[in-house]
Amino acid sequence: MTASANRVRLAGPAALLPPQVHVFVRDWLSSNNILLKSRDGHVLIDSGYSRHAPLTLALLASERGLGDDGLLSLVNTHCHSDHVGGNAAIVRKYGCPIAVPAAEAPLVERWDGKALLYDYCDHRIERFVVDRVLPANTTHAWGDLEWVALAAPGHDMGALVFYNALHRILISGDALWEHGFGFVMPPEVDAAAMPAVEATIEMLGALDIRIVIPGHGEPFSDVAGALERARKRVAAFAGDSLRIARHALKVNLMFSLLDKQRMPLAAIPAYLDRVGMYRDFNALFFRLTPARLAELLIGELVKAGAARIAEGDVVPVLDGAG
Ligand SMILES: [Zn+2]
C-alpha cells in the first residue's frame, strides 16, 4: 500500500473514524463489513452475501483486516441474506460465535425462509446457527469502544443499529443510507412496517451523529441531509401501496440479477410466477399476467439504467438498486 493510496482511502468521512474501526465498503449484493479491532479480540459486523463469501474471507485475512489474528465474534445488524451470507464460511474458518438481534433469533433458529426473505425472494444463503442474541438497548464493548444496540425496525422489523456516543458513530445497517433506506413491505403485507420506518428515522434524528457507516455505500457525514432524503421518500410512499410494492419487487429483481449476473428475458415471467414474493405481490397488488409484470419490472429497471437487454438476456448495469 503506497502513501498516496493510503491518502485516497482515508479521504472523506472515513477519515473521521477512529483507527480501530475498519470499513470494507462492498456493493449492493453484499453488505459492508465493519471490523472493530481491539487487543481483547476483534469483532466483525455483517458478513455480505453467500456468493461473495470467498472475497469476504480474503478481505478479512488481509493486512487491513485481521491478518493472522482470530475473530472474537460476528455480529449482524439484521438477518437478510446480504448481511449474513458469509456467516457460515466465517464460522468455519474462525470458529467464532454469531450474535444476531434478539427479534431475529427465533426466525433464524427455525430457518424461516419467508420471514427472512430467503427462498421467498430466491436469495441463496448457507444456513448458520445463532450463538447469542442481542436485545435492544444493551451496551457492548467492541473495538475498545462502547456501542449501544438500538432497535431500528422498518426495512427489517427486528433490525438493530449500533451507536457509539464518544465518536458519534452510527452503524446503520439498512435503516439509513446516504440516499434512502432498504425497501419496505406495503401496509397490506405488514401494517407496522412504514410507521416503524418513520419512527426509526425520528429516533435516529434525535441522536448526535457525526458519521454514519451504512450497510451499503461509503460512510457519510451529511446526516441531516440523509435524514431529510429519507423523510421525503417516506412522504412519497405515503398511502401508495402500489408504489411501495413495485419498489420492493424492483429492488429484489435487481438483487437477483446481480446474484445471477444474467437472466434470459424469456424466462422472467415463469420466474416471477414461481418465486413467492413476486407471485404474492402480483396477486395482492397488480393482478397482471406474469408476462405483463415482467414487462413492467424489467421496463422500469432498463429505463432507470439499472439493467439492459443483451442477446436476449437481462443483465445488470449498475452495482445495485436502492
Ligand atoms: Zn442490505
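Numbers at a glance
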quantity: Sorted peptide list for 232-244, 86-98, 149-161, criterion being average Cβ within 10 angstrom, highest first; calculated: 149-161, 86-98, 232-244
quantity: Under DSSP loop assignment and at most 10 Cβ neighbours within 10 Å, longest GluC sites (Glu not before Pro)-free interval of the chain; calculated: 64-310
quantity: Sum of side-chain charges, LEU296 neighbourhood, beta-carbon under 11 Å (Lys, Arg +1; Asp, Glu -1); calculated: +2
quantity: Angle in degrees between helix 223-237 and the longest Cα principal axis of the chain, rounded to the nearest 10; calculated: 20 degrees
quantity: Given charges at beta-carbon only (K, R positive; D, E negative), |dipole| of the chain in Debye; calculated: 500 debye
quantity: C-alpha center-to-center spacing [segment 169-235, segment 263-322] in angstrom; calculated: 26 Å
quantity: Selected from ARG26, ARG110, ARG274 as most flexible by GNM, with the chain as the system and alpha-carbon contacts under 10 Å; calculated: ARG110
quantity: Bridge type composition, the chain - antiparallel percent by DSSP, nearest 5; calculated: 70 percent
quantity: Mean residue ellipticity (222 nm) of the chain, computed from DSSP H runs ≥ 4 via -39,500 (n - 2.57), nearest 500; calculated: -10000 deg cm²/dmol
quantity: In order through segment 197-207: 3J(HN,Hα) via Karplus (6.51 cos²θ - 1.76 cosθ + 1.60), integer Hz, x for Gly, Pro; calculated: 4, 4, 5, 5, 4, 5, 4, 5, x, 8, 8
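Each value in this text was obtained by applying a stated rule to the coordinates, not by laboratory testing. Please read these numbers as outputs of a predicted model, since none were measured by experiment. For neighbour counting, all protein chains shown are included, and Cβ atoms are generated from backbone atoms with ideal geometry for every residue, glycine included.
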